[in-house]
Each structure stands twice: as C-alpha cells, then as structure tokens.
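Chemist: Structure provided below as structure tokens; questions to follow.
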Amino acid sequence: MTQTHETAVRRLLGEVIDPATGAPLAGAIRAIGVDGARVSVDLLLGYPAAGVADALAAQARAALEADPAIAAATVSVAWRVQPHKVQGTLTPLPNVKNILAIASGKGGVGKSTVAANLALALAAEGARTGVLDADIYGPSQPRMLGIAGRPQSPDGKSIVPMSAHGVQAMSIGLLVDEDAPMIWRGPMVTQALMQLLNDTRWDALDYLLVDLPPGTGDIQLTLAQKVPVAGAVIVTTPQDIALLDARRALKMFEKVGVPVLGVIENMATHVCSHCGHEEPIFGEGGGARMAGQYGVAYLGSLPLDIRIREQADGGTPTVAAMPASDLAARYREIARRTAGHLALTPVNRTLGPLKVQGTP
Ligand SMILES: Nc1ncnc2c1ncn2[C@@H]1O[C@H](COP(=O)(O)OP(=O)(O)OP(=O)(O)O)[C@@H](O)[C@H]1O
C-alpha cells in the first residue's frame, strides 16, 4: 500500500498552498517515508523560512492527518537557497548566490528603508544577507544601518564589508564625501559602483540586496545591464503608481532580461500615532492592480508609520528595533515572498552543490 500512501501525500500537499510562493507544498517534497498507516515527509523549501517552518510543518501535518487512511504524520521543513540565473552572459559573483536589485521609479518612495528592513528580515529568516548601497544620489544605508567610518582594506585591493544587525554592508557613502557623488558623470558612477560590488569581500552570501539609485535613467539602465542580478523588486507608493514611474522601472528590468520578482507598496496606508487606526489615505489596491497588470507578484505593503521613519533614520530599522511587532512580521512576510518568488526562477546549475540549511 506504500504507493497509495505516497500518492495520497502528494495529492494532499498539492492542496496546501505555500503563501511565500503561491505554489502547492507538494512541489517542496524531498522524501516520503511510509510505515503502515504512518507517513513521514521531508519538505525542502527554496527560501529561508525560520519564522514559519514550524507553522508550515503543522499545516502540512494537519492536511495529511485529515485523510482517514493516514493515522499519523510527521513533517520536517528545511530550506536551501540556490543560486539563480542572471542576465545573458554575465557571471555571478563567486561569494554571492543571488543579487537582488531594489529599485524604484522615482526618489523618496522609501526604497532604502525597504531595502534595509528586507535585508534584516531575510537574515532573521535564516539567510546570510548583505546590502550594497548603490544609491549615488542619497546613500542612506550607513545612516539606516547605523554604520560609520571608512571600511578596511588589509591588502589595498579588496574591501572588508562593514557589519550591522547581522548583515554585511557596503555603501558608496562610506567611501566618498557626502556631496561628491552628485557631481560625477554617468560612466564614473557606474564604474565606481561596479568596483565597489566586485572588490568588496562578501562572505558567503545567500542574498545581496543592491539599493539602486532611484529612477530609470542611463545609470540605472547600465547597472541593470552590468550587475549580475537574479531578480528585481520594485518599491512604489500609491502616488508613484499614479505617476507611472514604477511601470517604467518594471519595463527597464524586462528590457534587460532581469525577472521582476514583484512589487512592494510602501506608505500604502497611514497609521495614526495616537490611536493606531490604519487608513488607506491614497486609495486602496493600486499596487496589487499594477502587479496584476504586469503579471508580477504583489509582495505586500507597508503603512506610513512614524516608527518606521524614526527607527530607520536612527540606525536600527524596525525589523531589528521591534522584532516582535506587526511591522517586523510584515517585513518578514515580504522577505519570504521575495525569496520565495526568486526560488521559482531557474537555478544556475554552473555553480557547485550547496549545503541544506534550516531544521533537519
Ligand atoms: N513606511 C514608512 N513610514 C514612515 N516613514 C517612511 C516609510 N518608508 C520610508 N520612510 C521615510 O521616508 C524617507 C525617505 O525614505 P527612503 O530614504 O527610504 O526613500 P528612498 O526611496 O530610498 O529615497 P531616495 O532613493 O530618493 O534616496 C525617510 O526619512 C524614511 O525614514
């Protein structure tokens, strides 16, 4: 009867949807063991899931045990972050499995705040994460991650990344005077950023988030073509959606063959700092509609909340400042969805086998 039980397990887990990927959990089955009417299932996810592994295992177990033919089920959940394909002929960085571009159609939508919190959220979910601040017009990661001083270069060639809240970080803002980058011309900017990306000694990263300069001009286009990116995330606000800037950013990545993993809507609602009431002051559902129109995922939304600003501007982003809060939970959910959607893209098979992470 083993065969029947295996088929039943695949069918039952085919009906449980993984919220991070939108795909059935059956796709994550790595092994099935059957002992009479007892089954054991090993699930292997393609994204870090420390925050939900137990809940997913419990959900899968309940779905299996709902079948009268299964007396008891044990489910284990582990994950392995694979390196995913990058554009055309580009070669991935040796110590970075996946580079994710964090982009926006225009400035001031909160892209850097999202990038910082997303990096911390991915780390909290169990991934080795880094941030490269490539926002030449306003390098804000040093302030948001609370890092200062010049990075070290023991050999005079490569740079050791700084470290903050469990993530590795490097910023153009740490190497040049604050006002200097603004007067650089396009080719100088892209050359400096490529150098920064390649010469930093990233230490075995699963994800490197690149906080791109806002907009869709020549610099952004060149970076989107030259940086070996596995996926892009577009940060928008409800107003940005109305102005079509976010759509331009989507098109730009499409043009250079970088998969857009999804859209994050920032400042989607306003949370009153007195009563906590949350209101969609700019209208509802714009981000989800735009994502639907372009066939990309809606990764989630963040409210306009004074704590997000104060904590990011104070050097401890919300995910680190209030790890048990609803806001941190939202960032972590968005992080899992982002990584989950990356996991659905083709794997780069040219790199060697990788270790399994997470619970056994
Ligand atoms: N959800 C939010 N709630 C409250 N304040 C926010 C939120 N997101 C961002 N902010 C604040 O808005 C300001 C702009 O954010 P941020 O610097 O992240 O934007 P940006 O899109 O990266 O801008 P640019 O690319 O032009 O530098 C910051 O002071 C930040 O703290």
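Chemist: Whole Å is fine, so just give me how far the alpha carbon centre of the stretch 331-350 lies from that of the stretch 63-131.
Modeler: Rounded to whole Å, the Cα centres lie 4 Å apart.
Chemist: Still on this structure, please answer the following. To the nearest 20 debye, what charge dipole does the stretch 2-79 have about its Cα centre, counting +1 at the Cβ of each Lys and Arg and -1 at the Cβ of each Asp and Glu?
Modeler: 80
Chemist: Moving on to the next point. Under a point-charge model restricted to the Cβ atoms of Lys and Arg (+1) and Asp and Glu (-1), what is the dipole moment magnitude of the chain relative to its Cα centre, in debye to the nearest 20?
Modeler: 900
Chemist: Count of lysine pairs in the chain with Cα atoms under 27 Å apart, counting only pairs 8 or more residues apart in sequence or on different chains?
Modeler: 21
Chemist: Another one. When the chain is treated as a GNM, springs tying every alpha-carbon pair under 10 Å, which of Ile32, Ile234, Ile308 comes out with the largest mean-square fluctuation?
Modeler: Ile32
Chemist: How many Å² of accessible area per residue for the stretch 96-343, probe 1.4 Å?
Modeler: With the other protein chains kept in place, the stretch 96-343 gives 39 Å² per residue.
Chemist: Another one. Of all the stretches in the chain, which is the longest one without any exposed loop site, taking GluC sites (Glu not before Pro) in a DSSP loop (any state but H, G, I, E, B) with at most 16 other Cβ atoms within 10 Å?
Modeler: For GluC sites (Glu not before Pro) (loop position, at most 16 other Cβ atoms within 10 Å), the longest site-free span of the chain is 16-177.
Chemist: Ignoring everything except DSSP H segments at least 4 long, calculate the 222 nm mean residue ellipticity for the chain; use -39,500 (n - 2.57) per segment, divide by total residues, nearest 500.
Modeler: Theoretical 222 nm ellipticity from helices: -10000 deg cm²/dmol.
Chemist: Now for a different question. So how much accessible area does Lys106 have, in Å² to the nearest 10, using a 1.4 Å probe?
Modeler: About 60 Å², rounded to the nearest 10.
Chemist: From a point 7 Å beyond the Cα of Ala204 in the direction of its Cβ, which residues of the stretch 89-131 have a backbone N at a distance under 11 Å?
Modeler: Residues 128 fall inside that zone.
Chemist: Here's a follow-up. Positive end of the charge dipole of the chain (Lys, Arg +1 and Asp, Glu -1 on Cβ, about the Cα centre): tell me which of Gly314, Ala329, Ala164 has its Cα farthest that way.
Modeler: Highest projection toward the positive end goes to Ala164.
Chemist: Counting only protein heavy atoms and using a 1.4 Å probe, what share of the accessible area of the chain belongs to carbon plus sulfur, as a whole percent? If you can, show how the numbers build up before the last one.
Modeler: Values: 8330 of 15700 Å².
C and S fraction of accessible area: 53 percent.
The values are calculated or read from the model by the stated rules, or taken from the named source; none is laboratory data. All figures in this text were calculated on a predicted structure; none of them were measured in a lab. Neighbour counts run over all protein chains shown; Cβ positions are idealised from the backbone, glycine included. The protein model used for the area step is the full one, side chains on, heavy atoms only, and it has no ligands, DNA or RNA in it. Shrake-Rupley method; radii C 1.70, N 1.55, O 1.52, S 1.80 Å.
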